[in-house]
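The values are calculated or read from the model by the stated rules, or taken from the named source; none is laboratory data. What you see is a predicted model, and the numbers here were worked out from it, not measured in a lab. Cβ placement follows ideal geometry from the backbone for every residue including glycine, while neighbour counts extend to all protein chains displayed.
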Amino acid sequence: MIDSTFDEAMLFFTRYAATLPASDTRAPGVPDPDDALIIAAALSADASLFVTGDKALLALESLGSMQIVDPRTIFMKLRGLA
(Lines give C-alpha, C1' and ligand atoms only; values in the text may rest on other atoms or scores of the structure.)
Protein backbone atom coordinates (compact mmCIF):
# COMPACT_ATOMS: atom_id res chain seq x y z
CA MET A 1 0.00 0.00 0.00
CA ILE A 2 2.83 2.43 0.79
CA ASP A 3 4.34 1.90 -2.67
CA SER A 4 0.95 2.57 -4.24
CA THR A 5 0.51 5.84 -2.31
CA PHE A 6 4.04 6.91 -3.17
CA ASP A 7 3.47 6.11 -6.85
CA GLU A 8 0.25 8.15 -6.84
CA ALA A 9 2.00 11.10 -5.21
CA MET A 10 4.87 10.94 -7.70
CA LEU A 11 2.43 10.80 -10.61
CA PHE A 12 0.60 13.85 -9.28
CA PHE A 13 3.74 15.93 -8.73
CA THR A 14 5.20 14.90 -12.08
CA ARG A 15 2.00 15.98 -13.79
CA TYR A 16 1.17 19.18 -11.91
CA ALA A 17 4.31 20.54 -10.27
CA ALA A 18 6.96 22.73 -11.82
CA THR A 19 10.66 23.00 -11.10
CA LEU A 20 12.00 26.52 -11.45
CA PRO A 21 15.49 28.02 -11.30
CA ALA A 22 16.22 30.28 -8.35
CA SER A 23 15.60 33.97 -8.85
CA ASP A 24 18.30 36.64 -8.87
CA THR A 25 16.32 38.73 -6.39
CA ARG A 26 15.12 37.82 -2.90
CA ALA A 27 11.48 37.76 -1.81
CA PRO A 28 10.88 40.20 1.06
CA GLY A 29 9.78 38.77 4.40
CA VAL A 30 11.59 35.43 4.00
CA PRO A 31 14.17 35.02 6.79
CA ASP A 32 16.59 32.62 5.06
CA PRO A 33 18.37 34.29 2.12
CA ASP A 34 18.57 31.02 0.17
CA ASP A 35 14.84 30.37 0.64
CA ALA A 36 14.11 33.96 -0.37
CA LEU A 37 15.60 33.31 -3.82
CA ILE A 38 13.49 30.18 -4.34
CA ILE A 39 10.30 31.85 -3.09
CA ALA A 40 10.99 34.81 -5.41
CA ALA A 41 11.18 32.40 -8.37
CA ALA A 42 7.84 30.85 -7.41
CA LEU A 43 6.23 34.28 -7.00
CA SER A 44 7.59 35.46 -10.36
CA ALA A 45 6.03 32.37 -11.97
CA ASP A 46 2.67 33.32 -10.39
CA ALA A 47 2.59 30.09 -8.38
CA SER A 48 -0.56 29.75 -6.32
CA LEU A 49 0.90 27.02 -4.12
CA PHE A 50 4.36 26.35 -2.70
CA VAL A 51 4.90 22.89 -1.20
CA THR A 52 7.72 22.54 1.33
CA GLY A 53 8.75 20.82 4.52
CA ASP A 54 10.71 23.87 5.71
CA LYS A 55 9.24 24.91 9.07
CA ALA A 56 10.26 28.56 8.74
CA LEU A 57 8.52 28.85 5.36
CA LEU A 58 5.46 26.95 6.59
CA ALA A 59 5.17 29.45 9.46
CA LEU A 60 4.63 32.21 6.87
CA GLU A 61 1.47 30.38 5.64
CA SER A 62 1.36 32.54 2.50
CA LEU A 63 3.12 35.26 0.58
CA GLY A 64 0.89 37.41 -1.54
CA SER A 65 -1.68 35.06 -3.04
CA MET A 66 0.66 32.03 -2.87
CA GLN A 67 -0.18 29.53 -0.13
CA ILE A 68 2.70 27.71 1.56
CA VAL A 69 1.82 24.16 2.64
CA ASP A 70 3.55 20.92 3.58
CA PRO A 71 3.44 17.88 1.25
CA ARG A 72 1.19 15.78 3.49
CA THR A 73 -1.42 18.52 3.87
CA ILE A 74 -1.78 19.12 0.15
CA PHE A 75 -1.80 15.41 -0.63
CA MET A 76 -4.55 14.81 1.93
CA LYS A 77 -6.60 17.74 0.59
CA LEU A 78 -6.28 16.54 -2.97
CA ARG A 79 -7.35 13.05 -1.93
CA GLY A 80 -10.39 14.50 -0.14
CA LEU A 81 -9.13 13.32 3.24
CA ALA A 82 -8.70 16.72 4.90
Could you tell me which numbered condition Leu57 fails, if it satisfies all but one of (1) in contact (Cβ under 8 Å) with a residue 24 or more places away in the chain; (2) out of contact with any Asp or Glu (no Cβ under 8 Å at 6 or more places or on another chain); (3) surrounded by 15 or more Cβ atoms within 10 Å (Cβ to Cβ)? (2)
Within the range 43-74, the residues that are of a type outside the set (Ser, Thr, Tyr), under 24 Å from Ala9 (Cα atoms) and assigned to a loop (DSSP other than H, G, I, E, B) are Ala45, Asp46, Ala47, Gly53, Asp54, Glu61, Asp70
Check Ala40 against each of (1) under 22 Å from Arg79 (Cβ atoms); (2) hydrophobic (A, V, I, L, M, F, W, C); (3) assigned to a helix (DSSP H, G or I); (4) modelled with pLDDT of 90 or more and name the one condition it does not meet. (1)
When the range 18-37 is examined, which residues are found to be of a type in the set (D, E, K, R) and either farther than 17 Å from Leu57 by Cα or not in a loop (DSSP other than H, G, I, E, B) (or both)? Asp24, Asp34, Asp35
Using beta carbons and a limit of 8 Å, which pairs, at least six apart or on different chains, have the first residue in the range 1-30 and within 15 Å of Phe75 (Cβ to Cβ) and the second one among the hydrophobic types (A, V, I, L, M, F, W, C) and outside any loop (DSSP other than H, G, I, E, B)? Ala9/Phe75; Phe12/Phe75; Phe12/Leu78; Ala17/Val51
Out of all the residues in the range 67-79, is one or more out of contact with any helix residue (DSSP H, G or I) (no Cβ under 9 Å at 6 or more places or on another chain), among the hydrophobic types (A, V, I, L, M, F, W, C) and surrounded by fewer than 17 Cβ atoms within 10 Å (Cβ to Cβ)? yes
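Looking at Ala27, Ala47, which one is out of contact with any helix residue (DSSP H, G or I) (no Cβ under 7 Å at 6 or more places or on another chain), at pLDDT 90 or above, surrounded by 12 or more Cβ atoms within 10 Å (Cβ to Cβ) and small (Gly, Ala, Ser)?
Ala47
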Any idea which residue in the range 17-54 is farthest from Ala82 (Cα to Cα), counting only those that are under 12 Å from the mean Cα position of the chain (by Cα) and of a type outside the set (A, V, I, L, M)? Asp35
